[in-house]
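Peer 1: Encoded as structure tokens, here's the structure I'll be asking about.
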Amino acid sequence: MRRALAGLLSVFVLWEAAARGLDLPTYVLPSVTRIVQAIVDQRALLLKAAGMTVMEAVVGFGIGSLAGLLLAIVLTMLPAVRRSVLPVATALNSVPVVAYAPLILLWFGMGPESKIVMVALAVGFTVFLHALSGLDRVDPRAVDLMRSFGADRAAILWRLRLPAAIPLTAAGMRVSTVRAMIVAIVTEMLGATGGLGWTIFQAVLQIDFVQVWAAIFVASAISLLFFGTVNLLEKRYVFWR
Amino acid sequence: MSETAHTGATGATGRAGTGAGAVVLRGVATVAVIALVWEGVVVAAGIKPYYLPRLSVILSAIAALPQAYLAGFVRTLSETLLGYAAGALVGVMNGVLFYRSRWLRETVFPLFVISQTIPVIAFGAVVVLWFGNTILAKALIAFYLTFFPVTVNTLTGLEAVDKRQVDLLRSFGATRKQLLFQLQLPSALPQIFVALRLACTLSLLGAIAGEWFGDTTGLGVLLLQAMYNEQFVALWAAILMAGLLGTSFYGVVAWAEHKTVFWRSEL
């Protein structure tokens, strides 16, 4: 952790030195101090944009994780349905999720709803696939043992499969945090009423490079925070891993 | 009861038919069934084209303008492949480097992790500003998305190599190079392939989103144009092409995995 911070700091120092020493024009690379200055100057605007993006990412993340896990459980309980649903899910998953973005935008409008749906879709698939393979990853002998003691399918699910699936599901959720932010930002770029992606796109159109970098900095900091939080929760509650 | 017994087995059935012919046949059958269900449901339920156009309508839209879709397909494919190949290569080399050098692993590797939490697409705007609307800019975004998972999995795979095997080979006088190419990399291959499969979708995502910053050809451009004109059939046609690209790309990598890592094919 300390080494990572030291590394990050040295990257910033190098960056600053390069931008100032080589006198790089802002469209190539603005100096870190200028970017930070811009963030401070426009904190109200950036805060509002960040709040919107975070809301979309977090709500979408929650809906997606829940839906993914529930679908995985239902399909594990109904093997017959699973055999027909799984190929379709895999096919849908191989279409890059951004390809659906224009369609979702047309369906749900420019507001935050379309971003939430996109994030939920992206997160949902990842969590679903992770949870499904986690639910399968139980020792068949343990299943047989429980069954021989008269446990029904629900009991096996609750006591054996779910605890076994949680580590992998949590890993899927951790991977999804970054993706949730990316998808929210990408969808905002296509069309939105606010948010960091929208801010970045507007700044690109106005050729305001410092603003672009300021928004990237804010987005990265939030992503890191989000990732760190989920990682911490995972370490704390999935202790039996 | 027999139903329950099936649950554990279904995960394995996907791999059970080992013959390549059987796999292809099953794939074709699945596609055919999905196509029939799609067409049938849309017609039977009277779904508006606004939500889901008939598959036949979409296909004929593609057939009406084959050059445009083909050009977009080829363009996006080359961007993706360029970035993917470079990312895979650099990723494996990085993994080996991190494995060899503890210092690098402790100082540079955390930076890599942090760099991956940066919403790449935001960075994509800057990349396109730097390189203009060239194929290189999109390939670079695809590269950035590919190399990290490959680096991480190469490192994990190398670290999981049995120490006793290393000692054995070393006792027979194997050089570091021999160790790497005869034992460590082959042992890490299953892990590396997991990342390579994941990176398929990621690199394609990078290429498509990269095209949104004002390119003229590519599947991302087709998507954007269809959205602005609210042409649902064209939009679905572009989605279908992206799906075709994604699925075949993934299929090729999965096939390569099946051929190379024949000794272990789980996950």
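A short reminder: the numbers here are calculations on the coordinates, not readings from a lab. Remember, predicted model here, so these are calculated numbers, not experimental data. Heads up, the Cβs are rebuilt from the backbone with ideal geometry, glycines too, and the neighbour counts pull from every protein chain shown.
Peer 1: Please find the FRET efficiency linking B:Trp38 to A:Arg174, where r is the Cβ-Cβ separation and R0 is fixed at 41 Å, and quote it to the nearest 0.05.
Peer 2: That gives a FRET efficiency of 0.75.
Peer 1: Additional query: Can you pick out the pairs among A:Lys115/B:Lys259; A:Lys48/B:Lys48; B:Lys163/B:Lys259; B:Lys177/B:Lys259; A:Lys235/B:Lys163 whose Cα atoms lie more than 32 Å from each other?
Peer 2: From A:Lys115/B:Lys259; A:Lys48/B:Lys48; B:Lys163/B:Lys259; B:Lys177/B:Lys259; A:Lys235/B:Lys163, over 32 Å: A:Lys115/B:Lys259; A:Lys48/B:Lys48.
Peer 1: From the alpha carbon gyration tensor of segment A:1-113, can you work out the equivalent ellipsoid semi-axes (sqrt of 5 times each eigenvalue) and give them in Å, largest to smallest?
Peer 2: 43, 20, 16
Peer 1: Give the value in nm², to one decimal: projected area of the alpha carbon convex hull of chain B, averaged over all directions.
Peer 2: Result: 19.5 nm².
Peer 1: Please list the three semi-axes, largest first and in whole Å, of the ellipsoid equivalent to segment B:48-193, using sqrt of 5 times the eigenvalues of its alpha carbon gyration tensor.
Peer 2: After diagonalising the Cα gyration tensor, the semi-axes are 41, 20, 14 Å.
Peer 1: In square nanometres, what is one fourth of the surface area of the convex hull spanned by the alpha carbons of the protein assembly as shown?
Peer 2: Answer in nm², one decimal: 26.7.
Peer 1: Can you compute the equivalent ellipsoid semi-axes for chain A, i.e. the square root of 5 times each eigenvalue of the Cα gyration tensor, sorted largest first and rounded to whole Å?
Peer 2: 42, 22, 13
Peer 1: Which of the DSSP-defined H helices in chain B satisfy a minimum axial length of 20 Å, computed from C-alpha atoms, and a minimum mean Kyte-Doolittle hydropathy of 0.0?
Peer 2: Span-like helices, by this rule, are B:20-45, B:66-100, B:102-117, B:135-159, B:185-210, B:232-260.
Peer 1: Just tell me, in residue order, which DSSP H segments of chain A are both 15 angstrom or longer along the helix axis (alpha-carbon based) and at least 1.0 in mean Kyte-Doolittle hydropathy.
Peer 2: Answer set is A:43-77, A:112-136, A:162-190, A:209-237.
Peer 1: In debye, nearest 20, what is the charge dipole magnitude of segment B:139-267 about its Cα centre with +1 on Lys and Arg Cβ and -1 on Asp and Glu Cβ, if you could check?
Peer 2: So the dipole magnitude of segment B:139-267 works out to roughly 680 debye.
Peer 1: Based on the Cβ-Cβ distance from B:Glu159 to A:Arg147, what FRET efficiency comes out when R0 is 30 Å, to the nearest 0.05?
Peer 2: Result of the calculation: an efficiency of 0.20.
Peer 1: Something else now. Helix-only estimate, please: 222 nm mean residue ellipticity of the protein assembly as shown, summing -39500 (n - 2.57) across DSSP H runs of length 4 or more and dividing by its residues, to the nearest 500.
Peer 2: -27500 deg cm²/dmol
Peer 1: Please report the net charge: other residues with Cβ closer than 15 Å to the Cβ of B:Ala32, K and R +1, D and E -1.
Peer 2: Once all neighbours under 15 Å are counted, the net charge is 0.
Peer 1: Any idea how far apart B:Phe262 and A:Val81 come out in nm if each label point goes 7 Å out from Cα toward Cβ?
Peer 2: 4.0 nm
Peer 1: For the pair B:Arg100 and B:Ile47, what calculated FRET efficiency results from E = 1/(1 + (r/R0)^6), where r is the Cβ-Cβ distance and R0 = 51 Å, to the nearest 0.05?
Peer 2: Efficiency computed from Cβ-Cβ geometry: 0.35.
Peer 1: Moving on. Toward the positive end of the charge dipole of the protein assembly as shown, about the Cα centre and with charges on Cβ (Lys, Arg +1; Asp, Glu -1), which of B:Gln116, A:Met52, A:Tyr27 goes farthest?
Peer 2: Farthest along the dipole direction, towards plus: B:Gln116.
Peer 1: Modelling each spin label as a point 7 Å along the Cα-to-Cβ direction, I'd like the B:Ser248/A:Glu16 distance in nm, to one decimal.
Peer 2: Modelled inter-label distance: 5.1 nm.
Peer 1: Of the options B:Leu202, A:Val138, A:Ala180, report the single residue whose Cα projects farthest towards the positive end of the charge dipole of the protein assembly as shown (beta-carbon charges: Lys, Arg +1; Asp, Glu -1).
Peer 2: It is A:Val138, whose Cα lies furthest towards the positive end.
Peer 1: How much space per residue, in cubic angstrom, does the convex hull of the C-alpha atoms of segment B:77-139 take up?
Peer 2: Spread over its residues, the Cα hull of segment B:77-139 gives 87 Å³ apiece.
Peer 1: Taking the Cα centre of the protein assembly as shown as origin and charging only Cβ (+1 Lys, Arg; -1 Asp, Glu), how large is the dipole, in debye to the nearest 20?
Peer 2: 1400 debye
Peer 1: Would you mind computing, in nm to one decimal, how far apart the modelled labels at B:Ser115 and A:Ala6 are, each placed 7 Å from Cα along Cα→Cβ?
Peer 2: It is 2.0 nm.
Peer 1: Which net charge results for the neighbourhood of B:Arg170, defined as the other residues with beta-carbon distances under 11 angstrom from its beta-carbon, given Lys and Arg at +1 and Asp and Glu at -1?
Peer 2: +2
Peer 1: Seen from all sides and averaged, what is the projected area of the convex hull of the Cα atoms in segment A:62-172, in nm²?
Peer 2: Result: a mean projected hull area of 7.5 nm².
Peer 1: Please give the average number of partner chain Cβ atoms lying within 10 Å of the Cβ of each residue in A:152-163, rounded to a whole number.
Peer 2: Mean inter-chain Cβ contacts per residue within 10 Å come to 1.
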